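Written below as structure tokens is the structure these notes are about.
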Amino acid sequence: MFKSKAFSLVIMFAFIFSATINAQVNTISLGQTPGEFTIKSLTLSPGDYQFEIANNGVDHEVGFVVAPKGKTDQPNHIKEAYVKAPVKNGSSSLTSVVSLPVGSYVYFCPLNPTDQYNLTVEKQVKKISLEQVKGAFTTDGLTLDAGDYEFEIINNGVDHEVGFVVAPKGKTDPANHIKAAYVQAPVKDGSSSMTNVVSLEAGEYVYFCPLNPTKEYNLVVK
């Protein structure tokens, strides 16, 4: 009885682990018609993908190739992106799991044959809007996941230009400011300005405006 329960628990945990891994893999469906793909380009975030390739009207088997842009000879093909079985008309086939870091790629089918279509993998940049009123930000602290961000700074009622500073907590002198977090232009009353892309690793930071001036607000990155 005990062995039976233990075995059941092992199976259950294995299933949960497998489901968790599979949940992190995105499936991209791409259809081929004679001489072309129906989707002409892709822009993805870095991560793990499976491609489902469907043959819609090509009267012979087709395949799938992903390769770095400008390096499309066979030795540079990403082998995991080959379909698991040739794709006959009216059927589809999955690739293995393809791990795509940031970069420029192409996808195509030499059996159809098709053009080479752009596949761009770029970091996902999240936008955070922060409003300043006289002497304060209206958002009293932030908790974010590690990643890439752009901050939009809005001046709502401050009768002179304002700015934006992000720095490690306890190290707020100008030498330690994260320069990418400076606004691209001083922010006049009734206007807004964007920062550049700010890459934030896990840690404790503060944000503030020395021109308003404001207090230092906590920015926690998990």
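As a test of the formula, what do you get for the chain when each DSSP H run with n ≥ 4 contributes -39,500 (n - 2.57) and the sum is divided by the residue count, at 222 nm and rounded to the nearest 500 deg cm²/dmol?
-3500 deg cm²/dmol
Round to the nearest 10 and give me the degree value, 0 to 90, for the angle of helix 2-23's Cα axis relative to the longest principal axis of the chain.
70
Considering only DSSP beta bridges with both partners in the chain, what is the antiparallel share in %, to the nearest 5?
Here the share of antiparallel DSSP bridges comes out near 60 percent.
If the limit is 31 Å between Cα atoms, which of Lys69/Lys222; Lys127/Lys169; Lys79/Lys127 go over it?
Cα-Cα > 31 Å for Lys69/Lys222; Lys79/Lys127; rest within.
Net charge near Asn56, counting Lys/Arg +1 and Asp/Glu -1 over other residues with Cβ under 14 Å of its Cβ?
In short, -3.
Could you compute the net charge surrounding Ile28? Neighbours are other residues with a C-beta less than 14 Å from the C-beta of Ile28; K and R count +1, D and E count -1.
Neighbourhood net charge equals -2.
Around His77, what is the net charge, scoring Lys/Arg as +1 and Asp/Glu as -1 over all other residues with Cβ under 14 Å from its Cβ?
Residues near His77 contribute +1 overall.
Using square roots of five times the C-alpha gyration tensor eigenvalues, list the equivalent-ellipsoid semi-axes of segment 125-221 in whole Å, biggest first.
Largest first, segment 125-221 gives 20, 14, 12 Å.
As a quick test, which of the pairs Lys88/Lys126; Lys40/Lys84; Lys134/Lys171 have an alpha carbon distance above 30 angstrom in this structure?
Checking Cα-Cα distances, Lys88/Lys126 exceed 30 Å.
Read-outs throughout are calculated quantities, based only on the coordinates presented, and are distinct from any laboratory measurement. No experiment lies behind these values; they were computed from the predicted model shown. As a convention, Cβ positions derive from the backbone with ideal geometry for all residues, glycine included, and neighbour counts pool all protein chains shown.
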